[in-house]
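Structure first, then comments.
The values are calculated or read from the model by the stated rules, or taken from the named source; none is laboratory data. All values reported here derive from a predicted model rather than from experimental measurement. Note that we place each Cβ from the backbone using ideal geometry, even for glycine, and neighbour counts take in every protein chain shown. When the accessible area is computed, the model is the full protein with side chains, heavy atoms only, and any ligands, DNA or RNA have been set aside. Shrake-Rupley method; radii C 1.70, N 1.55, O 1.52, S 1.80 Å.
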Amino acid sequence: MLSMVSLVPLPTTNLVLQILFVITLSLLFSFFRIPTLILTGLHTYVHPDDVNPNGNGNIRAAIRRPSAMDSDQTKPRKKSKERFEFDESKAQVFRLTLGEGLLQSRVYFREFYSAFNFTLLATLSLLLQRFLNVDGDSGVVKNGTLIPLILGFSSVCRFVFLIIKVGFEKSASKKMEKDLSIVCGALSFFLSIAIVFELVPKRVIDFGLEPLDALGKLLLASLMSCIVGFLYIPAMRNARCFWLGTDQLRCNLSIISCGWFPKLLIYACYTMSVFTSLLWITPFSSILLNDLKNVSIVGRCIGMSSSSFNSFRNTCIAVYGVLQLVIIRWNVQIFLNESVLCWYQRLHASKVPDLEYSRAKVFLHNHYICLFGMQFLVQAALVLLLVGLSQLDYDYRGYYSGLVKEVLMFIAWWIVFVWAVMNSVILVLFRHGNLCIS
């Protein structure tokens with residue numbers, strides 16, 4: 001009887017593995033607190049609230065809003081010679097090292113903490129399902145696909161809600177930036193219509209959205225325009241981080257300089273975003289794709305097969321998402337350093353500098369540090385989650401599953417494409433002096 005017993009794997013083995021994997025990761029994340037470790041040790045800055053206000057020599061840091069000042073501190077300007085005697089003791093800024101206690105007091109810390117953990121949990125669950133032996137005929141429950149599906153789509157919905165919530169935060173960005181984001185979203189709707197309704201032919205963009213009906217295409221175009229609108233402000237801040245992190249200003253200030261490794265990551269992220277977005281542009285991809293109809297000698301020499309090329313560009317977009325996650329810490333630090341640069345510029349702008357603007361900027365960058373971190377996180381997390389969901393092996397009503405995968409990959413590519421275009425345009429405007437950091 002024992003010889004007749006064979007070790008046949010249970011049909012729910014993958015489901016059990018996924019459940020145990022998710023529970024184990026949840027326990028590990030609660031113990032190691034990875035989101036807190038990412039921001040711990042960063043240097044933030046606070047402006048002195050007042051120096052020697054009562055003649056006692058005490059200095060207090062500005063940990064409250066600049067508008068919440070005592071009425072007796074607001075004095076009318078006097079036209080006298082004493083006006084030109086600037087007290088250099090007031091030209092100070094404090095540098096603080098962020099610890100867990102300080103981080104927990106910042107707004108949007110809980111949202112950033114949970115969003116980062118959800119990203120890691122869903123991404124690793126999707127990655128595990130990719131390497132498991134999945135039987136597509138056994139159903140999404142028995143083969144374990146249900147767990148990464150729920151985690152992936154719930155995380156995507158969570159990030160959509162967070163990016164909308166952050167976008168409507170009043171003090172986190174300028175009114176002009178919000179107006180420009182609305183304008184960019186509205187203008188991109190016409191480009192989205194042209195793409196999804198195939199006014200832009202497939203020989204330009206390599207996606208097959210033909211099975212979508214008119215209503216589905218209209219909803220997809222609306223989603224694409226919303227993505228452009230909500231990504232404008234994070235893309236603007238990412239471009240500013242690139243400009244400062246790579247020291248394009250040549251200011252040579254040690255307090256805002258980055259090491260060689262962060263600079264390498266910054267250049268790698270930007271280059272990878274541009275390269276990955278071009279992999280779905282047919283004139284560029286035809287160079288890498290081995291097509292017998294292609295008369296290009298270069299294409300035949302370095303061309304890949306269709307399956308190898310699809311795997312290559314899926315890997316590239318996943319690597320780009322990982323790079324964006326890795327660089328979050330340095331992007332947040334660079335954005336904090338921007339307030340110091342603003343303070344330094346205002347300090348040396350005139351004989352009697354007006355430090356109220358820099359005071360407000362230092363406070364806002366310190367106050368919204370977790371919000372900025374979440375804006376850098378959202379784009380990378382959405383790309384990773386959408387790519388992972390598009391690679392799941394599940395079958396639902398035949399062609400419909402393939403269409404869903406195609407749409408998910410298309411949205412992931414659209415996010416990378418919009419991010420690369422916006423960053424490139426903003427960097428060009430910085431280079432030509434149309435924009436400046438102040």
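Annotation note: of Leu249, Leu209, Leu265, Leu220, the sole residue that is crowded, with 17+ Cβ neighbours inside 10 Å and outside any helix (DSSP H, G or I) is Leu209. Within the set Leu151, Leu124, the sole residue that is at pLDDT 90 or above and open to solvent by less than 40 Å² (accessible area, probe 1.4 Å) turns out to be Leu151. Taking the criterion of being closer than 18 Å to Ile163 by Cβ and open to solvent by 20 Å² or more (accessible area, probe 1.4 Å), the only residue of region 234-246 that qualifies is Asn238. Would you be able to say whether some residue in region 64-81 is within 25 Å of the chain's Cα centre (by Cα) and at pLDDT below 85? No, that holds for no residue.
Per the conditions (1) at pLDDT 85 or above; (2) open to solvent by less than 30 Å² (accessible area, probe 1.4 Å), the sole criterion not satisfied by Cys157 is (2). State yes or no: is Phe312 hydrophobic (A, V, I, L, M, F, W, C), surrounded by fewer than 17 Cβ atoms within 10 Å (Cβ to Cβ) and either at pLDDT 85 or above or assigned to a helix (DSSP H, G or I) (or both)? Yes; evaluated as a whole, the condition is true for this residue. Just wondering, is there one or more residues in region 93-103 that are in contact with a helix residue (DSSP H, G or I) (Cβ under 9 Å, 6 or more places away or on another chain) and among the polar types (S, T, N, Q)? No, every residue in region 93-103 fails to be in contact with a helix residue (DSSP H, G or I) (Cβ under 9 Å, 6 or more places away or on another chain) and among the polar types (S, T, N, Q). Only one of the numbered conditions (1) of a type outside the set (D, E, K, R); (2) at pLDDT 80 or above; (3) buried (at least 20 other Cβ atoms within 10 Å of the Cβ); (4) over 16 Å from Ala239 (Cα atoms) is not met by Asn331, and that is (4).
Residue by residue, here is whether (1) under 28 Å from Gln375 (Cα atoms); (2) modelled with pLDDT of 80 or more; (3) touching a strand residue (DSSP E or B) at 6+ places or on another chain (Cβ under 7 Å) holds:
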{"position": "Arg250", "(1), (2), (3)": "yes, no, no"}
{"position": "Phe275", "(1), (2), (3)": "yes, yes, no"}
{"position": "Ser285", "(1), (2), (3)": "no, yes, no"}
{"position": "Leu292", "(1), (2), (3)": "no, no, no"}
{"position": "Ser308", "(1), (2), (3)": "no, yes, no"}
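Yes/no per residue for (1) surrounded by 12 or more Cβ atoms within 10 Å (Cβ to Cβ); (2) within 30 Å of Pro283 (Cα to Cα):
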{"residue": "Leu162", "(1), (2)": "yes, no"}
{"residue": "Glu169", "(1), (2)": "yes, no"}
{"residue": "Asp179", "(1), (2)": "no, no"}
{"residue": "Ser192", "(1), (2)": "yes, yes"}
{"residue": "Phe197", "(1), (2)": "yes, yes"}
{"residue": "Arg203", "(1), (2)": "no, yes"}
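Annotation note: of Met236, Met224, the sole residue that is more than 24 Å from Cys342 (Cα to Cα) and at pLDDT 90 or above is Met224. Output yes when any residue across region 345-363 is within 16 Å of Trp243 (Cβ to Cβ) and modelled with pLDDT under 80, and no when none is. Yes, region 345-363 has at least one match.
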